[in-house]
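Below: the structure, in structure tokens.
The values are calculated or read from the model by the stated rules, or taken from the named source; none is laboratory data. It should be emphasised that the depicted structure is a prediction, and the values quoted were computed from it without experimental measurement. FYI the Cβ positions are ideal-geometry reconstructions off the backbone, even for glycines, and counts take in every protein chain you see.
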Amino acid sequence: MVMHAENFQVYPEALGPGTEVGTWRVVERLGVGGFGAVYRVEDMARPGEFYALKLALRPGDERAEREVTLLMVKAVHPNVVRFHGCGRWPHPQTGYLYFVMDWVDGRPLDTWAEEVNPTFRKLAQAAAKVALAFHALHGAGVRHRDVKPVHILIRESDAEPVLIDFGIGHYVGAVTITEQTVPPGTLHLRSPESVRFHRANHGRPGARYEYQPTDDLYALGVSLYRAVTGHYPFPPHLPPDMLYLAIEAQTPPAPADFNRRTPRALSDVIMRLLAKKQLERYQTGAELHAALMAAVSFGRSVAWEASLFEWEDVEGAEPVPGDGARRRIRRPEWPTCSATPPAPRLVLAPSLPFVRRPARQDPGAVMQGPSAGVPSRHRRVYSPVLVVAVLLVVSVGLVAWGMRLLERGAVSDEKVPAPFSEVVTLPAPLREVAPVEALPEAVPATAPPMVEATAVAAAHPAAMTNEDAPVKKESKPSASALKKVGMKAMGVAGACLNLACSGPQVRPAPPPEECPPGALEAMEELGIELGDAQVFVFDVIQGEPHVITVHEGNATVRTGGDWKGLPRGGLLYGKLHLADRVYGRFTWLRVNQGRTYPVCIELLSSRRERGLERKPGSDADSARIWTTGYANPVDHFE
């Protein structure tokens with residue numbers, strides 16, 4: 001049955017089979033992205049010829065117009081999907097922009113690697129062709145900006161790689177569409193320099209990262225890493241701040257170190273693509289092509305002819321293309337040790353002479369004994385406690401010493417030494433400092449103030465009052481003088497107790513923060529309006545609402561289904577910040593269909609106040625809160 005758009009409400013992301021768009025008939029939907037839907041269509045003038053049609057989700061979408069320009073004029077290459085025509089639908093002037101491309105019958109790079117399990121030689125040859133395509137595109141001023149395995153299709157007929165989806169691509173001279181610090185893109189494929197720029201300039205008006213050819217090549221390196229190991233170098237499911245920190249500071253294990261089948265030369269090429277410093281990576285696609293060809297040419301033939309992964313026979317598995325055997329790959333296990341060099345050993349200040357220094361052990365050794373696994377912030381408190389204990393012992397000793405003098409009349413004609421007439425300096429407590437790369441990005445948690453080296457102040461003898469000055473006595477010291485000695489000693493101990501045993505330190509409220517890139521656009525697409533707060537509940541909670549205990553850090557809440565365009569709600573991922581209230585900032589939304597969007601949502605109490613009220617029983621490291629409240633969309637975090 002032929003469907004005519006004029007007769008019903010148009011939903012460009014949900015066209016049914018048989019819908020006519022221009023001279024093309026929809027066969028099936030291939031996928032929906034943030035800004036367009038892709039369909040497999042048939043040319044009605046040539047039945048049996050199939051193409052891919054991409055339809056913008058909004059009329060007048062500048063992204064779609066720029067992609068048409070790229071494919072039609074700028075990004076013309078044998079390894080780039082070919083452009084065939086464009087138009088508007090359902091109205092030729094005001095409708096949604098669409099354009100038609102080749103329908104590439106093939107698999108994404110990572111799926112091809114796991115389902116076909118090609119040899120390392122074939123993978124390197126495909127990667128080398130992609131590198132040459134990038135060399136040509138970059139030379140023409142084109143930047144793809146969203147290179148990832150699903151955008152590199154390996155054609156079924158000839159194993160040729162084809163670059164697709166230039167939806168957020170850019171070319172020299174194109175008008176900037178967004179005002180974000182960094183261009184839109186996929187978080188776990190961003191380069192270290194773009195992450196570093198984002199961290200340093202996020203929220204600064206006019207700050208704009210200039211995307212470079214090396215950014216595309218870095219993302220290609222991430223894609224090749226995924227192809228030869230079955231894993232991404234940095235897990236995509238990490239919260240954005242942790243993911244950014246890993247990209248900027250951590251070195252992933254080399255592919256050859258856990259997929260032992262990988263030729264070392266290929267592993268080295270991939271690791272150079274992932275180097276933290278831009279100048280240490282390949283600067284052009286031609287350089288990368290030459291490196292891959294050299295690696296294949298001079299390597300051991302038997303290693304390059306091996307398949308990427310080992311096979312294992314599995315009952316009920318999909319037949320392998322070519323031989324029809326029912327088997328699947330054996331994915332290598334991710335190493336348990338990081339390849340990041342250890343931080344320099346921290347030199348601690350000298351400890352108290354009567355506190356035994358722990359024996360030095362190898363940094364890689366596993367901690368044994370009852371304190372194993374105890375966070376360092378719990379182990380830190382022992383030094384101040386020892387200091388307080390020592391002060392108490394000294395105070396009691398001074399009082400006992402004075403009492404003995406009183407009993408024995410030992411002062412006679414000698415001066416009674418003024419207690420604490422000299423400045424007594426307490427050793428600073430031992431500190432353990434986390435290395436910079438272990439600190440989270442978006443949670444500048446302030447550690448409780450440590451007890452610094454404390455000087456017990458005493459007046460210089462010349463400034464003492466007559467009452468405090470030492471005097472000569474013919475017999476016993478007066479009871480009032482000894483009372484003052486004891487009171488001063490106990491006062492010192494009390495002051496130290498107040499310093500070391502004060503109440504819980506309340507962290508400051510989190511500082512203002514801008515929304516993550518693309519959040520406002522994604523919320524608009526989903527129909528989530530600013531200020532339209534909806535009920536949430538913590539995802540792990542079942543049954544009636546009640547009071548729970550939470551800690552600072554990652555959290556997940558489930559939203560209700562009242563947002564327009566999001567009828568069944570979804571899961572929000574973000575962080576809780578403990579301060580005078582519990583502030584929640586959530587930056588990712590996973591809808592029930594499985595797609596994930598950047599968002600900018602904060603938590604409100606049941607009274608619609610920013611932050612959740614801390615209930616009795618809360619302390620510095622945890623908070624008792626109600627399980628429900630409101631999730632409020634905002635344009636920035638206050």
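Scanning segment 599-637 for residues that are over 26 Å from Pro240 (Cα atoms) and among the polar types (S, T, N, Q) gives Ser606, Ser618. Could you go through segment 151-159 and let me know if any residue there is in a loop (DSSP other than H, G, I, E, B) and in contact with a His (Cβ under 9 Å, 6 or more places away or on another chain). So far as segment 151-159 goes, no, none of its residues is in a loop (DSSP other than H, G, I, E, B) and in contact with a His (Cβ under 9 Å, 6 or more places away or on another chain). Every test in (1) in a helix (DSSP H, G or I); (2) touching a Ser or Thr at 6+ places or on another chain (Cβ under 7 Å); (3) farther than 21 Å from Leu308 by Cβ is passed by Leu243 save one, and that test is (2).
For segment 79-132, please list each of the strands (runs of 3 or more DSSP E) lying entirely inside it that holds at least 1 residues being more than 16 Å from Glu156 (Cβ to Cβ).
On the way: elements: 83-89, 96-102, 106-108.
Per the criteria, 83-89, 96-102.
Residues in segment 254-308 that are buried (at least 16 other Cβ atoms within 10 Å of the Cβ), more than 20 Å from Val222 (Cβ to Cβ) and of a type in the set (S, T, N, Q): 1 in all. From the list Leu288, Leu292, Leu279, which one is of a type in the set (A, V, I, L, M, F, W, C) and closer than 13 Å to Asp215 by Cα? Unique residue meeting the criteria: Leu279. Answer yes if at least one residue in segment 231-246 is of a type in the set (Ser, Thr, Tyr), touching a helix residue (DSSP H, G or I) at 6+ places or on another chain (Cβ under 8 Å) and either surrounded by fewer than 20 Cβ atoms within 10 Å (Cβ to Cβ) or in contact (Cβ under 8 Å) with a residue 12 or more places away in the chain (or both), and no otherwise. Yes: segment 231-246 contains one or more residues that are of a type in the set (Ser, Thr, Tyr), touching a helix residue (DSSP H, G or I) at 6+ places or on another chain (Cβ under 8 Å) and either surrounded by fewer than 20 Cβ atoms within 10 Å (Cβ to Cβ) or in contact (Cβ under 8 Å) with a residue 12 or more places away in the chain (or both).
Inside segment 106-128, residues that are under 18 Å from Phe166 (Cα atoms), in contact (Cβ under 8 Å) with a residue 60 or more places away in the chain and not aliphatic (A, V, I, L, M) make up a count of 0. In the set (1) under 30 Å from Phe298 (Cα atoms); (2) crowded, with 20+ Cβ neighbours inside 10 Å; (3) not polar (S, T, N, Q), Leu97 fails one condition alone, (1).
Each row is one residue, and each column tells you yes or no for (1) touching a residue at least 60 places away in the same chain (Cβ under 8 Å); (2) more than 13 Å from Leu243 (Cα to Cα); (3) surrounded by fewer than 15 Cβ atoms within 10 Å (Cβ to Cβ).
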{"site": "Val175", "(1), (2), (3)": "yes, yes, yes"}
{"site": "Glu179", "(1), (2), (3)": "no, yes, yes"}
{"site": "Thr186", "(1), (2), (3)": "no, no, no"}
{"site": "Thr214", "(1), (2), (3)": "yes, yes, no"}
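Among residues belonging to segment 194-228 that are of a type in the set (A, V, I, L, M, F, W, C) and more than 21 Å from Leu137 (Cβ to Cβ), point out the one that is modelled with the lowest pLDDT. Only one residue tops the list, namely Ala200.
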